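In what follows, a structure is listed as structure tokens, so that the remarks can point back to it.
The values are calculated or read from the model by the stated rules, or taken from the named source; none is laboratory data. Worth saying up front: this structure is predicted, and the values here are computed from it rather than measured. Methodologically, a virtual Cβ is constructed for each residue, glycine included, from the backbone with ideal geometry; neighbour enumeration extends over all protein chains shown. With ligands, DNA and RNA removed, areas are computed over all heavy atoms of the protein, side chains included. Shrake-Rupley method; radii C 1.70, N 1.55, O 1.52, S 1.80 Å.
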Amino acid sequence: MDSTKMGFLGDGGKMWLKWWEKILVTEKRKETLASMCDERARMLQDQFNVSMNHIQAMSILISTFHHAKIPSAIDQKTFAKYTERTAFERPLTSGVAYAVRVLQSEREQFEKQQGWTIKRMDTLEQNPVHEDDYVADALEPSPIHEEYAPVIFAQDTISHVISIDMLSGKEDRENVLRARESGKGVLTAPFRLYLGGVFEIESLVEKLLQQLASKQTVLVNVYDTTNRTHPIPMYGSVVSGDEFYHVSFLNFGDPFRKHEMHCRFKQKPPWPLMAIGTSIGILIIALLVGHIFHATVNRIANVEEDYHKMIELKKRAEAADVAKSQFLATVSHEIRTPMNGVLGMMNMLMDTDLDVTQQEYVRTAQCSGKALVSIINEVLDQAKIESGKLELEAVLFDIRAIMDDVLSLFSEKSQGKGVELAVYVSDQVPRQLIGDPGRFRQIITNLMGNSIKFTDKGHIFVTIHLVEEVFHSIEVERESTSKDTEDTLSGFPIADGRRSWEGFQAFSHEGPLGSFSSSASSSSSSSNDFINLIVSVEDTGDGIPLESQPKIFTPFMQVGPSISRKHGGTGIGLSISKCLVGLMNGEIGFVSEPKIGSTFTFTAVFTNACPNSNEFNKTQQINNQPHPASSEFLGMAALVIDPRPVRAEVSRYHIQRLGVQVEIVSDLKQGLSAVTDGNVAINMVLIEQEVWERDSTMSSHFVNNIRKIAEVDKGIPPKLFILVNSSSSFKASSATSCVHNPTVVTKPLRASMLAASLQRAMGVGNKGNPRNGEHQALSLNHLLSGRKILIVDDNSVNRTVAAGALKKYGAGVVCVSSGIEAITMLTPPHEFDACFMDIQMPEMDGFEATKKIRHNENSENNKELSIHLPILAMTADVIQATHEECLKHGMDGYVSKPFEAEQLYREVSKFF
């Protein structure tokens, strides 16, 4: 009996303990559910308040820019665009609309302004329609009231509510009046027609729950309980879950409407076996995490090992690059030093008494030596590009003079081939620019050199304009797309040059000088500070095969092995040119058609030597002034007879540079009329060879009539000049004709050559034909006369070459072989006016010697003397001894070996 009772009590105690444990678990779940439900209710209220704040802020913004603004600063398009872009600030709203208060007395005028009639809403409440089937014009006009609240702006998602009167609906009217009275937002019952700031409660709650990691464990329902007997479900569905739930009250700021959130667990209390499964799952996860950690540690160790290997490889690559640079510097020095002696001695040999054959031999040796130096320079430039050591100078230069020099360089080759070579520089391009003339000349020389190699007929035409001119289609720039061969320089067809630059950034807003959309921009100070040039080199050569065009700018690449054998070259000229163009803040492109020709175009930005607008205008006037050596042609007039407009413009450009007024006609008949009937006396007539030889009878008639007119008027007939590409071809053709033999001018035209030809023929100015450089030699002789110059070089040949070049022009020269001797000779006070210093010398190099010389000049004993001797570097190491490096060590200039005599003169003349 007692044992039975004890067993009963034992079983009852176990049941009581389980019941008590269940109660504790239930209470714990209730507390957890209450906490989770309250958290969700609070977050829902916070999200709702944030969206309401954004809507209120938008209301203030719209009121500010709409009310009392005539006209309004906002329209439907602006409102729709703004609300669409700011929709991310209101992620819980489906649409926003703005209604304005209109009194009955203002209704008629308001409807006229808006272009629609105020519609009533209550018909939609009675007979709702789908938004896609909604037609605003089909709604009834709102009945007469004291005031209206029509929607004037709406987000695109609810744009169908525009023109509807918010006060025409019964409940809406109460809501609007209540919102106006309280000054706060109010909530309404669910609408068939959404107005104002429309909140989708389902979307609101769903987005909220997505932010919570435990959203799957709790079921949420939201109700509108304004009417307790008939609560309105706003979110959630009837899903079976746990047996109890928790209610959290929602406060959306509207005391008139009540809302509640009901929460319950989705699943019932777990079985005890779940704890075992959970433990096993945790163990498995721990093992996986351990494995992942072990793998991660191994991966990190491998990455660190790879990193150290990459660092080691990087160090080796840098060491190899340094070794390569050192090797190039050494090879450069060892090759350029003897080449300086070879070319220098050849120049000195040319000044001795040689017969014609000997002179030809010396010239051949000079050309060969210069060709070798050119190849060395290209290889060294490529090395500089790869090492990032290529630098640009910033000096004053005349671009027209540079183009004349380049024409002289290629004139013999073009005449030998019978190819027409011409340059045209726009009058808008300033005469004086600041930049690197040597590198600019190198780009032009590379492009023209390629054109000369591959062009056997037709022409090579170089044009230089401002980018603004091409952008605005200047009158001289012909349409490249034209198929009319008469509109080209030689009459041969050309590639469509416009395609070579149409993709340049210089013609867009992102270009170096921005957009050229207005003429005012060209007169701004910023555009006057910089000059953006566009240069085109056009030829009628063989063209580039299509398969070779993608690799045209690749270093050491040529079209084919036969090209290298036939024309020579290293294949890096275009690669270097592209790099130089990039350093000049420009772009380069090309277009090429096989058997037609190629056009290479590049842009380059230089500094304007006269950035002030007034000075800039003066510079443009100066560009039209005569060549300095040709003032004797001022006031003269010339007639150019040429049927090709482009070629005639080129002739006009060069003749006008001499101060001569130019008139252009297309044939001899028009030319005769211009000479006889013109108001201006013609002093010279320049006729293209093809016009002169086309009809010998007409040519003879032209000459005879000019003579007769001159005899009648007792005046001097105009001088006749024939413009030819090759003087030999003209002599052969004119020998068979019995007409008047005029003066022949062989192209390419350039200012100095044209001035000399006109002077000889017309008997004005200097009638002689001085040797090349004679005028320069005389002026330099006067400049260097009495000057004492010290030459410091450990190579006796270099000393002899430099001394001979300077002594030739009147300078007193002293030579020493080391930096130590130079310091002794230049210890103040001394009598030297300049010093040329080699860089690489034994015992003490040029940098160290210059440093000690500057130290002596600035010592306490010599401060009062204010001594600063011009020291110019002479070096064959163009890799490491850069211009910048020389200036950093106290030098004033830089001459690379092998140097031309003119280089020494040009550098030293800057200081006298």
I'd like the full set of residues that are in contact with a His (Cβ under 6 Å, 6 or more places away or on another chain) and crowded, with 17+ Cβ neighbours inside 10 Å, limited to the range 246-258.
Leu250
Here the qualifying pairs (Cβ atoms under 7 Å; residues six or more apart or on different chains; first in the range 809-835 and not assigned by the TED database to the domain that holds Met348 and modelled with pLDDT under 90; second surrounded by 15 or more Cβ atoms within 10 Å (Cβ to Cβ) and among the aromatic types (Phe, Trp, Tyr)) come out as Tyr809/Tyr905
Evaluate the following for Asn798: is it in contact with a Lys or Arg (Cβ under 9 Å, 6 or more places away or on another chain) and either surrounded by fewer than 17 Cβ atoms within 10 Å (Cβ to Cβ) or at pLDDT 90 or above (or both)?
no
Is the range 667-685 home to any residue that is in contact with a strand residue (DSSP E or B) (Cβ under 6 Å, 6 or more places away or on another chain) and under 18 Å from Leu489 (Cβ atoms)?
no
Which helices (runs of 4 or more DSSP H) sit wholly inside the range 820-912 and have at least 3 residues that are open to solvent by less than 10 Å² (accessible area, probe 1.4 Å), of a type outside the set (Ser, Thr, Tyr) and in contact with a strand residue (DSSP E or B) (Cβ under 8 Å, 6 or more places away or on another chain)?
846-857
Residue satisfying all of: in the range 373-402; more than 15 Å from His883 (Cα to Cα) and touching a Lys or Arg at 6+ places or on another chain (Cβ under 6 Å); surrounded by the fewest Cβ atoms within 10 Å (Cβ to Cβ) among these
Asp398
Restricting to the range 437-470, name every residue that is open to solvent by 10 Å² or more (accessible area, probe 1.4 Å), among the polar types (S, T, N, Q) and touching a residue at least 40 places away in the same chain (Cβ under 8 Å).
Gln442, Asn446, Asn450, Thr463
Within the range 83-113, how many residues are open to solvent by 90 Å² or more (accessible area, probe 1.4 Å), part of a helix (DSSP H, G or I) and not small (Gly, Ala, Ser)?
7
Thr352 - would you say it is of a type outside the set (Phe, Trp, Tyr) and surrounded by 17 or more Cβ atoms within 10 Å (Cβ to Cβ)?
no
Only one of Leu396, Leu390 is out of contact with any Gly (no Cβ under 6 Å at 6 or more places or on another chain) and either assigned to a loop (DSSP other than H, G, I, E, B) or among the aromatic types (Phe, Trp, Tyr) (or both); which?
Leu390
Report whether or not Gly715 is at pLDDT 60 or above, exposed (fewer than 14 other Cβ atoms within 10 Å of the Cβ), farther than 28 Å from Asp404 by Cα and not basic (Lys, Arg).
yes
Do the conditions hold for Ala80, that is, is it modelled with pLDDT of 85 or more, within 30 Å of Asp46 (Cβ to Cβ) and surrounded by 20 or more Cβ atoms within 10 Å (Cβ to Cβ)?
no
Can you find a residue in the range 725-732 that is open to solvent by 30 Å² or more (accessible area, probe 1.4 Å) and either at pLDDT 85 or above or not in a helix (DSSP H, G or I) (or both)?
yes
Restricting attention to the range 403-416, does a residue exist that is open to solvent by less than 10 Å² (accessible area, probe 1.4 Å), on the phi < 0 side of the Ramachandran plot and either in a loop (DSSP other than H, G, I, E, B) or outside the structural domain of Ile544 (by the TED database) (or both)?
no
Taking first residues from the range 663-677 that are assigned by the TED database to the domain that holds Pro643 and free of Cβ contacts under 8 Å to residues at least 60 places away in the same chain and second residues anywhere that are polar (S, T, N, Q) and open to solvent by less than 60 Å² (accessible area, probe 1.4 Å), the pairs with Cβ under 7 Å that are 6 or more apart or on different chains are Leu668/Ser699; Leu672/Asn705
Could you give every pair whose Cβ atoms fall below 6 Å, whose first residue belongs to the range 39-50 and is under 11 Å from Leu250 (Cβ atoms), and whose second residue is open to solvent by less than 40 Å² (accessible area, probe 1.4 Å) and modelled with pLDDT of 80 or more, counting only separations of at least 6 or pairs across chains?
Ala41/Ser248; Ala41/Leu250; Ala41/Met261
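Listed here are the residues, each with its yes/no results for (1) of a type in the set (Ser, Thr, Tyr); (2) free of Cβ contacts under 8 Å to residues at least 40 places away in the same chain.
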site	(1), (2)
Ser859	yes, yes
Ser866	yes, yes
Asp877	no, no
Asp892	no, yes
Val895	no, no
Arg906	no, yes
Phe911	no, no
Can you find even one residue in the range 110-117 that is in the same structural domain as His67 (by the TED database), of a type in the set (Asp, Glu) and at pLDDT below 85?
no
Would you mention how many residues in the range 154-206 are modelled with pLDDT under 80, open to solvent by less than 50 Å² (accessible area, probe 1.4 Å) and among the aliphatic types (A, V, I, L, M)?
11
Restricting to the range 35-71, give me the number of residues that are among the aromatic types (Phe, Trp, Tyr) and surrounded by 15 or more Cβ atoms within 10 Å (Cβ to Cβ).
1
